[in-house]
Amino acid sequence: MRTRRTNRAIVTLLAWGASLAIAFPLLWALLTSFKTELEAVAFPPRFLSFDWTLANYRNVLADGDYFHALINSVVIAGGSSALVLALAVPAAWSMAFAPTRRTRGILLWMLSTKMLPPVGVFIPIFLFYRDWGLLDSRFGIALLLAAGNLPIAAWMLFSNFREVPGEILEAARMDGASLWQEVVTVLAPLALPGIASTFFLVFTLAWNESFWTLNLATTEATPLTAFIAAFSSPQGLFWARLSAASILSIIPVLLIGWLCQRQLVRGLTFGAVK
Amino acid sequence: MSGIVLEGVTKRFGDHLAADTIDLAIPDGGFTVFVGPSGCGKTTLLRLIAGLEDIDSGRLLIDGMDMARTSPAARGLAMVFQSYALYPHMSVRANLGFALKVARRPGAEIAERVEQVAAMLNLAPYLDRRPAALSGGQRQRVAIGRALVREPRAFLFDEPLSNLDAELRAQMRFEIRRLQQQLGITAVYVTHDQAEAMTMADQIVVFRDGRVEQTGAPLDIYRHPANRFVAGFIGSPRMNFLGGAIADDYGCAAIGVRPEHLMLDPAGALAATVQTVEHLGSESLIHLRAQSGEDLIARGTQDPDVRPDDIVRLRFAPNAVHRFDADDRAMPATDARQEVI
């Protein structure tokens, strides 16, 4: 009994330790964002005993083009995620409910495209984008991020759809539902938690993607990633302001995550089968 | 010709022949039961009729029209699935009305049809519930109601009662049959339970390994099984088979005697050892082992005077004997033969 309790305490401690270690950079950035630039680089570092200030946020919002970048981020992440779902839902449907002998191979092949380092295709894509006039365009970046996230979304939705009993979809087919009606009125509501978490994942990935956004966007299409990066370059390194900019760019994703949370955890009470 | 007709229907899954050139007529307005052990192709054939699987070759005529390439919905058939396959995110009302809604029927008509069907199946009090809040029997009735709403040409049932307990199963068996007779709609019903087949069917189709073994009315099949497989599959407890010297007396490879025709009689020629006695209340089943080694079952009275390890003698009337040749095919009956044992 005693050893059991001790074990549990150890596990709890480990869990807390791990969570803290994971969250530490974020918490540190949060603290730094309220410091002055001098205190931000002070050594030994100060934890809570410093002059709390909102000046960094004021500066970031005043001289950086935060709202421009925010809108770009929303458009790029939202647009690419919508495109990903529009393609991944039908793809996952066909693999989950009409599999062929090659389905497994296709799944693996799709995932294998994620093993290619983006920088390996940077030059050709850059040249294509230059010729097609897609450089520094939100559409161009959204398209590229959608292509990059498609395999993950198709894979996630595939495993999610396989949990939905095929007989329910067959029942809809017998009832005369078109393929579109079958997907929209039967499959989507049943797979909603999975679709929501897939959307959230690809949205977050697109939101935080910085290789393509930094290299393909210069002024018009720059999202928050480029906005943050701007604080670490031309005028020198401003830790406090950089932290404030980072925190400001996290907030929208946190908000969406929090809004989706209900969907993510709700899950549907299945009562159709047995 | 009305009803459903299959001509040379074949379906393969890879190397597995799930339906092997099946010719079958399902009469209009009748209750046809597909029965056979699991994996015999009966469910595949039902899904081929429904259009949920594509036919490799052969013709499928529904009311005289070849519908082998028609979409499931356009065939005008309704299916009740083994798992019920209700839409879990919709109320009973929406489940029942779904087919009419996708067919864009007017709202008033949908409401009327749903009420009508709900009244027929005693579902009226549950119309606003979700499937999760219903009992197994109620879910089953919703599944049937969903098929009923569409006024289909035929009902297809895929082992619809296998998830219910014994009592409910017997009740639903009766209800489904009554409903089908009342509406006069053709029904095709798949089951592995020969008792369900016997009690419900106008016509039984016995399957094995993707082939039809025999087609006929329940009692015809019971009395005149076409081969040893059908003889053993239809009837419970199953038919007793004896080979060796007794079969030689009858001029065949094996004989079959149903448990009700095997009687305890001190003067009988067949000796056997009692294994156990199962008391069923109104009768009993005596499990025996013949001296030649075969396991046998005899139907006994309520309380037969035998104990395990007793050696008893058995008698059976020659006209109750089924004869089978070396290929397990049934041979003509032996009415003219004198009692030999």
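The values are calculated or read from the model by the stated rules, or taken from the named source; none is laboratory data. Keep in mind that this is a model prediction, so the values were computed, not measured. Methodologically, a virtual Cβ is constructed for each residue, glycine included, from the backbone with ideal geometry; neighbour enumeration extends over all protein chains shown.
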| Test set (1) within 30 Å of A:Tyr57 (Cβ to Cβ); (2) within 13 Å of another protein chain (Cβ to nearest Cβ) - A:Thr213 fails condition number | (2)
| Limited to region A:94-128, what total is found for residues that are surrounded by 13 or more Cβ atoms within 10 Å (Cβ to Cβ) and not in a helix (DSSP H, G or I)? | 1
| said: Given the criteria more than 8 Å from chain B (Cβ to nearest Cβ), free of Cβ contacts under 8 Å to residues at least 12 places away in the same chain and either within 24 Å of B:Val142 (Cβ to Cβ) or part of a helix (DSSP H, G or I) (or both), does A:Trp155 qualify? | reply: no
| request: Could you tell me which numbered condition B:Val306 fails, if it satisfies all but one of (1) in contact with a helix residue (DSSP H, G or I) (Cβ under 7 Å, 6 or more places away or on another chain); (2) among the β-branched types (Val, Ile, Thr); (3) at pLDDT below 90? | output: (1)
| remark: Within region A:162-185, the residues that are small (Gly, Ala, Ser), assigned to a helix (DSSP H, G or I) and within 8 Å of chain B (Cβ to nearest Cβ) are A:Ala171, A:Ala172
| request: Would you mind stating whether A:Tyr66 is within 20 Å of the chain's Cα centre (by Cα) and closer than 19 Å to A:Phe238 by Cα? | output: yes
| message | Given the condition of a type in the set (Ser, Thr, Tyr), at pLDDT below 95 and under 27 Å from B:Pro160 (Cα atoms), answer yes or no: does some residue in region B:195-208 qualify? | response | yes
| Just one of the numbered conditions (1) touching a strand residue (DSSP E or B) at 6+ places or on another chain (Cβ under 9 Å); (2) within 20 Å of B:Thr43 (Cβ to Cβ) is not true of B:Ile185; which one? | (2)
| task | Among the residues of region B:18-63, write down those that are farther than 20 Å from B:Ile176 by Cβ, small (Gly, Ala, Ser) and in contact with a Lys or Arg (Cβ under 6 Å, 6 or more places away or on another chain). | result | B:Ala18, B:Ala19, B:Gly51
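Give B:Ala103, B:Ala99, B:Ala85 a once-over and let me know the one that is at the interface with chain A (Cβ under 9 Å from one of its Cβ atoms), more than 22 Å from B:Ala124 (Cα to Cα) and among the small types (Gly, Ala, Ser).
Numbers: B:Ala99 fails: more than 22 Å from B:Ala124 (Cα to Cα); B:Ala85 fails: more than 22 Å from B:Ala124 (Cα to Cα).
Exactly one of B:Ala103, B:Ala99, B:Ala85 is at the interface with chain A (Cβ under 9 Å from one of its Cβ atoms), more than 22 Å from B:Ala124 (Cα to Cα) and among the small types (Gly, Ala, Ser), namely B:Ala103.
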| said: Scan region B:17-36 and tell me whether some residue there is within 14 Å of chain A (Cβ to nearest Cβ) and either in contact with a Phe, Trp or Tyr (Cβ under 8 Å, 6 or more places away or on another chain) or modelled with pLDDT of 95 or more (or both). | reply: no
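Every residue in region B:282-323 that is part of a loop (DSSP other than H, G, I, E, B), small (Gly, Ala, Ser) and closer than 23 Å to B:His224 by Cα, please. Walk me through it before giving the result.
From region B:282-323, those part of a loop (DSSP other than H, G, I, E, B) are B:282-283, B:291-294, B:301-310, B:316-317, B:321; that's our starting set.
If we keep only those that are small (Gly, Ala, Ser) as well, we get B:282, B:292-293, B:317.
Scanning region B:282-323 gives a single hit, B:Ala317.
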| said: Among the numbered criteria (1) surrounded by fewer than 23 Cβ atoms within 10 Å (Cβ to Cβ); (2) farther than 13 Å from B:Gln140 by Cβ, which one does B:Ile204 miss? | reply: (1)
| Any hit, region A:232-241, residues being in a helix (DSSP H, G or I) and within 17 Å of the chain's Cα centre (by Cα) | no
| said: Any residue at all in region A:14-27 that's within 30 Å of A:Phe231 (Cα to Cα), touching a residue at least 12 places away in the same chain (Cβ under 8 Å) and in a helix (DSSP H, G or I)? | reply: yes
| note | Going through region B:33-67 in order, the residues found to be of a type in the set (Val, Ile, Thr), touching a helix residue (DSSP H, G or I) at 6+ places or on another chain (Cβ under 9 Å) and within 18 Å of B:Val190 (Cα to Cα) are B:Val33, B:Val35, B:Ile49
| Can you tell me which of A:Phe126, A:Phe122, A:Phe139 is in contact (Cβ under 8 Å) with a residue 40 or more places away in the chain and touching a Leu at 6+ places or on another chain (Cβ under 8 Å)? | A:Phe126
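Return the total of residues in region A:219-274 being within 14 Å of chain B (Cβ to nearest Cβ) and either surrounded by fewer than 22 Cβ atoms within 10 Å (Cβ to Cβ) or at pLDDT 80 or above (or both). First the steps, then the outcome.
The first filter runs over region A:219-274 and keeps only residues within 14 Å of chain B (Cβ to nearest Cβ), leaving A:263, A:266-274.
Next, from what is left, pick out any that are either surrounded by fewer than 22 Cβ atoms within 10 Å (Cβ to Cβ) or at pLDDT 80 or above (or both): A:263, A:266-271, A:273-274.
Adding up the residues that qualify gives 9.
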| field | Search result, residues across region A:10-65 that are among the aromatic types (Phe, Trp, Tyr) and surrounded by fewer than 13 Cβ atoms within 10 Å (Cβ to Cβ) | value | A:Trp16, A:Phe24, A:Phe43, A:Phe47, A:Trp52
| request: Filter region B:191-234 for residues that are assigned to a strand (DSSP E or B) and within 9 Å of the chain's Cα centre (by Cα) and give the result. | output: B:Thr191, B:Ile204, B:Val205, B:Val206
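Give me the residue from region A:186-199 that is away from every other protein chain (no Cβ under 11 Å) and among the β-branched types (Val, Ile, Thr) and, out of that set, farthest from A:Val164 (Cα to Cα).
So the first thing to find is which residues in region A:186-199 are away from every other protein chain (no Cβ under 11 Å), and the list is A:193-199.
So of that shortlist, the ones also among the β-branched types (Val, Ile, Thr) come out as A:195, A:198.
Working: A:Ile195: 12, A:Thr198: 16 Å.
Ranking the candidates gives A:Thr198 first.
Say we look at region B:111-135 and pick out the residues that are within 28 Å of the chain's Cα centre (by Cα) and surrounded by 16 or more Cβ atoms within 10 Å (Cβ to Cβ); which of these is nearest to the other protein chains (Cβ to nearest Cβ)? Working first, answer last.
Keep residues of region B:111-135 that are within 28 Å of the chain's Cα centre (by Cα), which gives B:117-118, B:120-123, B:131, B:134-135.
Subset that is surrounded by 16 or more Cβ atoms within 10 Å (Cβ to Cβ): B:117-118, B:120-121, B:123, B:131, B:134.
Details: B:Val117: 14, B:Ala118: 17, B:Met120: 18, B:Leu121: 17, B:Leu123: 15, B:Pro131: 4, B:Leu134: 7 Å.
The residue in question is B:Pro131.
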| query | Looking only at region B:146-190, which residues are within 12 Å of chain A (Cβ to nearest Cβ), of a type outside the set (A, V, I, L, M) and part of a helix (DSSP H, G or I)? | reply | B:Arg146
| Residue check: is B:Arg307 over 26 Å from the mean Cα position of the chain (by Cα) and at negative phi? | yes
| query | Across region B:62-82, what is the total count of residues that are buried (at least 18 other Cβ atoms within 10 Å of the Cβ) and more than 10 Å from every other protein chain (Cβ to nearest Cβ)? | reply | 3
